[in-house]
Amino acid sequence: MNKRKRSIEWEDCRGLTMTELVIVVAMIAILSMIALPRFANLIRKANERTSVAKLRSLRVALTIYYSDNEQQYPSDLSVFMTPGSAYMKTVGPFYTVEHGNLSEIDYVAAVDPNADTGRLGYVTTGPDMGTAWIECTHTNLENRVWSEY
């Protein structure tokens, strides 16, 4: 038996044709166009839910502060932002699509549901003292106005 090694000829090496390559690239582009908006909404939803959770945490911290300090709310939120605070480590940032991530706090005398700054509002005097809300009149992905939280 005479076994000869067969040499590889140029014709034996077949790659992708230009048409096949264009089809593959088009398929990847179509799949990307389908998947990317879903991921963008997931990121937005996660940021919005984080903001709502931070607002709830702040309200719980305010309630604990109120019961620890003879039914008095803090005059400002600096007590929650000082190192070693027993109530919270930080306040914010709060995310809304229209305003982005904001950590600023507006200290006001009354709740203003029409304020649209994207900041955190905190009432420092009067019957609504201790109320905190996000000053935004836009809606989130759940079609709920931010200032209603």
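For this structure, a couple of remarks:
- Which label in (i) 9.3; (ii) 18.4; (iii) 8.2 gives the computed mean projected area of the Cα convex hull in nm²: (ii)
- The H on the amide N of residue 118, modeled in the peptide plane, is under 5 Å from the matching H of 135, 136, each at least 5 residues off or on a different chain.
- 3J(HN,Hα) along the stretch 110-123, derived from phi through the Karplus expression 6.51 cos²θ - 1.76 cosθ + 1.60 where θ = phi - 60°, amounts to 7, 5, 10, x, 9, 5, 9, 9, x, 8, 8, x, 9, 7 Hz, with x in place of Gly and Pro.
- Restricting the stretch 77-149 to trypsin sites (Lys or Arg not before Pro) in coil, as DSSP defines it, with at most 14 other Cβ within 10 Å: 89, 144
- The charge dipole of the chain, taken about the Cα centre with unit charges on the Cβ atoms of Lys, Arg (+1) and Asp, Glu (-1), comes to about 1320 debye, rounded to the nearest 20.
- Bridges between two residues of the chain, per DSSP, are antiparallel at a rate of about 65%.
- Gaussian network model of the chain, Cα within-10 Å springs - most flexible of 53, 109, 29: 29
- What the phi angles of the stretch 134-147 give under the Karplus curve with 6.51, -1.76 and 1.60, with θ = phi - 60°, is a coupling list of 8, 7, 8, 9, 7, 9, 8, 5, 8, 6, 10, 5, 4, 5 Hz, glycine and proline written as x.
- Cα long-axis angle, helix 18-68 against the chain (0 to 90 degrees, to the nearest 10): 20 degrees
- GNM flexibility winner over the chain from 104, 20, 48 (Cα, springs under 10 Å): 20
- Summing Lys and Arg as +1 and Asp and Glu as -1 over all other residues whose Cβ lies under 14 Å from the Cβ of residue 88 gives a net charge of +2.
- A simple count of charges around residue 37, restricted to other residues whose Cβ falls under 14 Å of its Cβ and scoring Lys, Arg +1 and Asp, Glu -1, yields +3.
- Charged neighbours of residue 124, selected by a Cβ distance under 12 Å, balance to -3 (K, R count +1; D, E count -1).
- Only helices enter this figure: runs of n ≥ 4 DSSP H residues, each worth -39500 (n - 2.57), summed and divided by the residues of the chain, yield -13000 deg cm²/dmol at 222 nm to the nearest 500.
Any read-out appearing in this document is the output of simple, stated calculations on the displayed coordinates, not a laboratory observation. Quick caveat: nothing in here was measured; it's all calculated off a predicted structure. Neighbour counts are summed over all protein chains in view; Cβ atoms, including those assigned to glycine, are modelled from backbone coordinates with ideal geometry.
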